[in-house]
Amino acid sequence: MATRAFRTVLATAALALSTSAVAAADGAVNIYSARHYPQDEKLFSEFTERTGIEVNTLSGGSDALIQRIKTEGRNTPADVLVTVDAGRLWRAEQAGILSNVNSERLSERLPASVRHPEGAWFGFSRRMRLIFYSKEHYDAPPVTTYEGLADDKLAGEVCIRSSGNVYNQSLLASLIAHHGAEKAETWAAGVVDNFAREPQGGDTDQIAGVAAGVCGVAVANHYYYLRMLEKNPDLAEKVGVIFPNQDGRGVHANVSGAAVVKHGPNRQNAVRFLAFLASDFAQRYFPAGNNEYPVVADAGITEDLEAFKELGSVKIDDVNVALYGEHQPQAQKIFDRVGWK
Ligand SMILES: [Fe+2]
């Protein structure tokens, strides 16, 4: 009960939060999280059950939480930051608010591709950026790779959201990592030439554009399609799913991840929480909130993902996702140069 009440205090008191009171709390871990799913409660209570460490949470947008930790400085109550996309984890690292963790358990449990090389942060679930196509428009998938999105034959067909979105920054960063900046820029210019419309809306709107016949193909993260499948199966029926680059490096995957905050008051508990996120138990619940994929191979996937698996294979690009962050500034410049709004 105490935990729940405290959680409410943290969530509502916002900037009036008494940091000293939080820092003094014994046997606690304070988590600033950009993810909010019902399954998270189950995760936190299991962690408390196993360790006796109380979990306090504060929810917010990624960039706002990063800024807040920065502003709180040495007085921050935050022990752990949870956020989505390696690009955002990179931003947190650049903001100087994270502390490297050297953990044998995390190195053993998590594939190297989802971990920051020096332990600044760790990915605990995967999300795939996929291509969708109109089944009414095409008898067969018109493209099989991200590279193909720049092909002339897709002129006027491609829907994808704006370049201000971190998912696209990470996607372009991955193309820089694989092909170099020059080819990545040619690609980005080719995609802009193929736009069906000016970038608008979120990932769901891109898939909806395909269903409505506005776009021949669209790019979006896999879980948005699963949401449409559940909420609006008639629309989803009109949309075909493409798992790109299966004959090559594999699909572009990003992570939801967590990091230990540099000035957090309960460092040991924070490291224990991260280790817990790599456990079999947590690997079932952490990804499930958003139908993401566990990073620990044999953890099992949600029923929705089981069904999704029938649509295609999921060979995943195993480039280290830290590169998505490193190449982000260059990706943004390329987007600006090629006029990808
Ligand atoms: Fe998302």
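The values are calculated or read from the model by the stated rules, or taken from the named source; none is laboratory data. Since the structure is predicted, the reported quantities are computational estimates derived from the model, not experimental observations. Backbone-built Cβ (ideal geometry, glycine too); neighbour counts: all protein chains shown. The area values use the complete protein model at the heavy-atom level, side chains included, leaving out ligands, DNA and RNA. Shrake-Rupley method; radii C 1.70, N 1.55, O 1.52, S 1.80 Å.
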Filter the stretch 115-172 down to residues that are part of a helix (DSSP H, G or I) and within 21 Å of the chain's Cα centre (by Cα) and give me whichever is farthest from L274 (Cα to Cα). L172
Looking only at residues that are within 16 Å of the ligand (Cβ to nearest atom) and either of a type in the set (D, E) or surrounded by fewer than 18 Cβ atoms within 10 Å (Cβ to Cβ) (or both) in the stretch 230-272, which one is nearest to T51 (Cα to Cα)? E230
Counted residues, the stretch 191-228 - those being open to solvent by less than 10 Å² (accessible area, probe 1.4 Å) and away from the ligand (no atom under 16 Å from the Cβ): 8
Would you check which residues across the stretch 279-336 are on the phi > 0 side of the Ramachandran plot and under 16 Å from the mean Cα position of the chain (by Cα) and list them? N291
Answer yes if at least one residue in the stretch 250-266 is over 16 Å from S103 (Cβ atoms), of a type in the set (V, I, T) and out of contact with any Leu (no Cβ under 9 Å at 6 or more places or on another chain), and no otherwise. no
In the stretch 126-141, which residue that is closer than 18 Å to F195 by Cβ and buried (at least 20 other Cβ atoms within 10 Å of the Cβ) is farthest from the ligand (Cβ to nearest atom)? S134
With the condition kept exactly as written, say whether any residue in the stretch 246-264 is polar (S, T, N, Q), assigned to a loop (DSSP other than H, G, I, E, B) and outside the structural domain of G119 (by TED's automatic domain parsing). yes
Run down L154, L149 and say which single residue is touching a strand residue (DSSP E or B) at 6+ places or on another chain (Cβ under 9 Å), more than 16 Å from the ligand (Cβ to nearest atom), modelled with pLDDT of 95 or more and more than 13 Å from V210 (Cβ to Cβ). L149
Across the stretch 69-101, what is the number of residues that are more than 18 Å from P265 (Cα to Cα) and not small (G, A, S)? 9
